[in-house]
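**Q** Here it is: the structure, laid out below.
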């Protein structure tokens, strides 16, 4: 049986890049009003978000389960002339040390076992005072997806409620389901839904 690490290694092992290397729009929108500090990018893939953050002045730690993804991230950082730290973690088993002013979790959904509630609770606890946890999930299937058409996508409100965070220490600044246009590898265009959870840690 293929393990999670083997699956993602295979995905990023080839010579051709999968993504465009540009940051996710919801990250750009969120970070535009935040003073740069220490950032953690969970499931960094090929490094588009991590490298963009570093270019904006953030001190970035980029994390992925696949060494091949981290190599691509490091290569992109070098070509962009920025410095980032890469760490290999299976987030089902380990989490980077330290505290962060921004934790970015873009489409951290996987066909393998991952207790996302525990992971996001750990991430919330790793925020510095006034730190921000941005979670963006797929909230619908692409028409060209091979996933189960009956896949259930929990709402932002459901995901946040499941974290059971102390309201005196954390607050939800955004629980939303915006739509965007997506394009398939062969050029199909469709409107899809994202699920956005923005958590802020209080100073108290």
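The values are calculated or read from the model by the stated rules, or taken from the named source; none is laboratory data. Note that this is a predicted model, so its numbers are computed, not measured. Every residue, glycine among them, receives a Cβ derived from its backbone with ideal geometry; neighbour counts consider all protein chains shown.
**Q** Scan the range 137-153 and tell me whether some residue there is in a strand (DSSP E or B) and within 18 Å of the chain's Cα centre (by Cα).
**A** The answer is yes; a qualifying residue exists.
**Q** Within the range 1-50, can you find the residues that are in contact with a strand residue (DSSP E or B) (Cβ under 7 Å, 6 or more places away or on another chain) and at positive phi?
**A** Answer for the range 1-50, where residues must be in contact with a strand residue (DSSP E or B) (Cβ under 7 Å, 6 or more places away or on another chain) and at positive phi: 43, 45, 47.
**Q** Given the criteria touching a helix residue (DSSP H, G or I) at 6+ places or on another chain (Cβ under 6 Å), touching a residue at least 12 places away in the same chain (Cβ under 8 Å), surrounded by 14 or more Cβ atoms within 10 Å (Cβ to Cβ) and assigned to a helix (DSSP H, G or I), does residue 9 qualify?
**A** Criteria met by residue 9.
**Q** Would you please name the residue that is nearest to residue 26 (Cα to Cα), looking only at residues in the range 125-153 that are surrounded by fewer than 20 Cβ atoms within 10 Å (Cβ to Cβ) and modelled with pLDDT of 95 or more?
**A** Step one: filter the range 125-153 for residues surrounded by fewer than 20 Cβ atoms within 10 Å (Cβ to Cβ), giving 125-126, 128-130, 138-153.
Subsequent filtering for residues that are modelled with pLDDT of 95 or more retains 125-126, 128-130.
Working: 125: 22, 126: 21, 128: 21, 129: 22, 130: 19 Å.
Filtering the range 125-153 for residues that are surrounded by fewer than 20 Cβ atoms within 10 Å (Cβ to Cβ) and modelled with pLDDT of 95 or more, the one nearest to residue 26 (Cα to Cα) comes out as 130.
**Q** I'd like to verify a number: residues in the range 121-136 that are touching a helix residue (DSSP H, G or I) at 6+ places or on another chain (Cβ under 6 Å) and either more than 19 Å from residue 48 (Cα to Cα) or in a loop (DSSP other than H, G, I, E, B) (or both), how many?
**A** 1
**Q** Continuing with the same structure: If the requirement is being under 19 Å from residue 135 (Cα atoms), in a helix (DSSP H, G or I) and modelled with pLDDT of 95 or more, which of these qualifies: 40, 102, 27? Before the answer, list the steps.
**A** On the way: 40 fails: in a helix (DSSP H, G or I); 102 fails: in a helix (DSSP H, G or I).
Of the residues listed, the single one that is under 19 Å from residue 135 (Cα atoms), in a helix (DSSP H, G or I) and modelled with pLDDT of 95 or more is 27.
**Q** Checking residue 191 against (1) touching a strand residue (DSSP E or B) at 6+ places or on another chain (Cβ under 7 Å); (2) loosely packed, with under 12 Cβ neighbours inside 10 Å; (3) in a loop (DSSP other than H, G, I, E, B), which single condition isn't satisfied?
**A** Failing condition for residue 191: (3).
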